[in-house]
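Everything on this sheet refers to the single structure shown next.
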There are 2 protein chains.
Amino acid sequence: MSLTVESVGERGLIARLRCRAGTPPDWVALGIGDDAAVIQPKRGSVDVVTTDSLVEGVHFRREWSKPQAIGHKALAVNLSDLAAMAATPRAALLSIALPLSLSLGDFDELVEGFASLAERERLPLVGGNLTRSPAPLVVDVTLIGTAHPRRILRRDTARAGDALYVTGSLGAAATGLFHLRDGTPRSGLDADGMACINRYDRPEPRLTCGVQVGRNRAASACVDLSDGLVDAARQIADASGLGVVVDAAALPVHPGARAFAAAAGLDATRIALSGGEDYELLFAVGPRQLRAFHAVTARCGDLCVTKIGRMTRETGCWLAIEDRLEPLGEGFSHF
Amino acid sequence: MSLTVESVGERGLIARLRCRAGTPPDWVALGIGDDAAVIQPKRGSVDVVTTDSLVEGVHFRREWSKPQAIGHKALAVNLSDLAAMAATPRAALLSIALPLSLSLGDFDELVEGFASLAERERLPLVGGNLTRSPAPLVVDVTLIGTAHPRRILRRDTARAGDALYVTGSLGAAATGLFHLRDGTPRSGLDADGMACINRYDRPEPRLTCGVQVGRNRAASACVDLSDGLVDAARQIADASGLGVVVDAAALPVHPGARAFAAAAGLDATRIALSGGEDYELLFAVGPRQLRAFHAVTARCGDLCVTKIGRMTRETGCWLAIEDRLEPLGEGFSHF
């Protein structure tokens, strides 16, 4: 019989977490183990704080995603929020509600998924909370980031005439979720299909891109695509008191999403517009920022950016298809 | 039929939260509504961050506790962690996983319980997260506090010979929980019994006391009593590499706990030692700090402090009963 989290107990689990977390950097005055963690703020900077949770049965299923992927994703979705603010992550809190039947191996894997991404981003785990759960596994992450106060990217500061740019590609995570739901055997998937599952399971926060665009003031506004492009475009438009036009033909649809849509008789554009969890960034870029924006994003490794629309003075959200405008539709709601 | 959280939807709920949260102070550069919140750190201070969650069926039951009490308690237990570090709370994040069947009235009451305590402590709600839950209600709170770096109270800095002091009284919350479990009718409870239920439902974080003791360097170490006195004493002893002797006769047992123990044939001392959730503070106070400690705590309103033991050079945790020493026993585990 394999060990469960119950058999190891709270202190045993905290000891395992602490061991995996390693030695924090010197600006962490007090890490895991006290009533709270103590962090030295960066001089001349502001704190940028965010929290987001993954709930079993709502955001993931253990039949579909391995514990490592769940741990990775719980951190990645929060890093994406900081990326969208152009903030550099500085410290993480990890709070988990654990079903008592969870195996110790699964707990360790979940921690490993979280810790290896944290390590890559040089992000110390400074505290958190472990409790039992009567049913679902719930992973709640809080991040404290830092940024220069005038280099932050907000969502309510877009201007009419700004161009809209999105990083990477769209529809991959939604396609990955379709494959997982349908139980498509992985042997039946090509590299693009596998990339979609991987995007769903292990989203890649666009930290370098967000931070560099913010530092260089190369965009007027930004949000991340947690709930899909339509939702993100609406968020920028509503918050800025503007309208938006998205150009259907310009959308960088992921090839795996395109292939899946063709095979399933679905509209690839709709998947790219409404599919959530791609965790790309959507920027509003002013005419005088374009040059800097392209210079900065060209330095962000392989990550491409695509112009997909523009902000308009008249409110209303539209999709341009060939010569006509259609309503953009509604974004995703968690309820 | 009454409205549920599902019928209002995520944005409607966020709008309600935002409305109740009111206008944040000017050091909150960006509050609810963006990908993350932006806070101006206090100059010359460190950030003190903590997170703690309440899970339905583990930490509370909706049959026993009203939504207002749940909201209050979710914040109070986190404030207690900051109090134990001598940190002043500065900003809160509130993350709730909501069963879709939760009535809108209950949601509003929960928010009200949280917000009225936050208001009293002048603590702005700057962000958070709402998601649905397949089963239990989960309330996760993160607080960012501030303190002078050399005025923080840790748990690993007690010294041999320090006296142990506890605030307020012990065993009240555990007694309140007994009454709720037993379904004792409130009409059958006297004022002390009602006070116990109230302590369980609406714990009172000892913020002023913790912060003042820290500012005046009037203690060498501190923890809060979330999991009972035995656990707290062990935490200080283990972290500081010391032992501890608790004096049974000195324990400030709450009169409601004493009356309940007498009626139920239980040991009042055991309830005071092991009963969790009193959220009092336990201080280790050095001989040269005693004068300042008493001067400071005398200014903390009606809150009394009681000397209940001492830290010893030899490791081991003991209970002094009359002339003999007994092992102190184990603290509470969440698993």
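Below are the figures for this structure:
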quantity	calculated
Residue-normalised accessible area of chain B, given per residue in Å² at a 1.4 Å probe	40 Å²
At 7 Å out from Cα toward Cβ: B:Glu322 inter-copy label distances (nm, ascending)	9.8
GNM top mover of B:Leu319, B:Leu207, B:Leu170 - chain B, alpha-carbon springs below 10 Å	B:Leu319
Spatially proximal lysines relative to A:Lys42 (Cα-Cα < 22 Å; intrachain offsets below 8 disregarded)	B:Lys42
Percent RCO, i.e. relative contact order, over chain B, from Cα pairs under 8 Å lying at least 6 residues apart	22 percent
Other-copy label distances relative to A:Ser7, 7 angstrom Cα-Cβ extension, nm	4.8
Exercise: per-residue mean of other protein chain Cβ atoms within 10 Å, A:144-156	3
Tilt relative to chain A, helix A:5-21 - C-alpha long axis, 0 to 90 degrees, to 10	60 degrees
Area hidden from solvent between B and A (accessible, protein heavy atoms only, 1.4 Å, total, Å²)	5200 Å²
At least 30 Å² accessible surface lost relative to isolated chain, residues of segment A:66-99 (1.4 Å probe)	A:Met85, A:Leu93, A:Ser95
For chain B, size of Cβ-based charge dipole, Lys and Arg +1, Asp and Glu -1, in debye	1180 debye
Accessible surface of chain B [probe 1.4 Å, protein heavy atoms]: carbon and sulfur percent	49 percent
Environment charge of B:Arg62, counting only residues whose C-beta is closer than 10 Å and scoring Lys/Arg +1, Asp/Glu -1	-1
Fraction of the pair-distance distribution of segment B:4-81 above 21 Å, Cα-Cα pairs, percent	50 percent
Rh (Kirkwood; distinct C-alpha pairs) - segment A:114-239, Å	17.7 Å
Cβ-based net charge around B:Leu30, under 14 Å, with every Lys or Arg adding one and every Asp or Glu removing one	-1
Fraction of beta bridges assigned by DSSP in chain A that are antiparallel (%, nearest 5)	75 percent
Mean Cβ neighbour count within 10 Å, used as a protection proxy, ranking B:2-12, B:103-113, B:275-285, A:29-39 highest first	B:275-285, A:29-39, B:103-113, B:2-12
For segment B:162-224, size of Cβ-based charge dipole, Lys and Arg +1, Asp and Glu -1, in debye	220 debye
Charge dipole of segment B:177-234 about the Cα centre (unit charges at C-beta), most positive-ward option of B:Leu225, B:Tyr200, B:Phe178	B:Leu225
Rg in Å to one decimal, and Dmax rounded to a whole Å, for the protein assembly as shown via C-alpha atoms	26.2, 93
Contact order normalised by residue count of segment B:2-131, Cα under 8 Å, 6+ apart, percent	39 percent
Dimensionless Rg ratio for chain A, taking C-alpha atoms and the 2.2 N^0.38 Å reference	1.03
Cα-based radius of gyration of segment A:259-335 once divided by 2.2 N^0.38 Å, which approximates compact folds	1.35
Gyration tensor (alpha-carbon) shape descriptor, segment B:186-243, a/c threshold 1.5	oblate
Solitary cysteines of chain B, where the nearest other Cys Cβ is not under 4.7 Å	B:Cys19, B:Cys196, B:Cys222, B:Cys304, B:Cys317
Per-copy distances of the A:His148 label point, shortest first, in nm (7 angstrom along Cα→Cβ)	3.2
Farthest positive-ward along the protein assembly as shown dipole, Cα basis, beta-carbon charges - from B:Gly329, A:Val111, B:Val244	B:Val244
C-alpha long axis of helix A:255-264 to longest principal axis of chain A, angle in °	80 degrees
Net charge dipole size for segment B:26-110 [Lys, Arg +1 and Asp, Glu -1 on Cβ; Debye, nearest 20]	280 debye
Space enclosed by the convex hull of the alpha-carbon atoms of segment A:40-133, per residue, Å³	101 Å³
Shielding by partners - mean other protein chain Cβ count within 10 Å, residues of A:124-135	5
Relative contact order of segment A:151-251, pairs being alpha-carbon contacts under 8 Å that are 6 or more residues apart, as %	46 percent
Under 10 Å, Cβ to Cβ, from B:Pro41 - net charge with Lys/Arg +1 and Asp/Glu -1	+3
D (Stokes-Einstein, µm²/s), Kirkwood Cα radius, segment A:118-189, 1.002 mPa s at 20 °C	118 µm²/s
Per-residue [θ]222 nm for chain A (sum of -39500 (n - 2.57) over DSSP H runs n ≥ 4, rounded to 500)	-11500 deg cm²/dmol
Size of segment A:241-303 as Cα extents on the principal axes (Å, biggest first)	42, 33, 21
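The values are calculated or read from the model by the stated rules, or taken from the named source; none is laboratory data. Keep in mind the model is a prediction, meaning the values are calculated, not measured. Glycine also receives a Cβ, built like all others from the backbone with ideal geometry; neighbour counts cover every protein chain displayed. Only protein heavy atoms, including side chains, enter the accessible area calculation; ligands, DNA and RNA are left aside. Shrake-Rupley method; radii C 1.70, N 1.55, O 1.52, S 1.80 Å.
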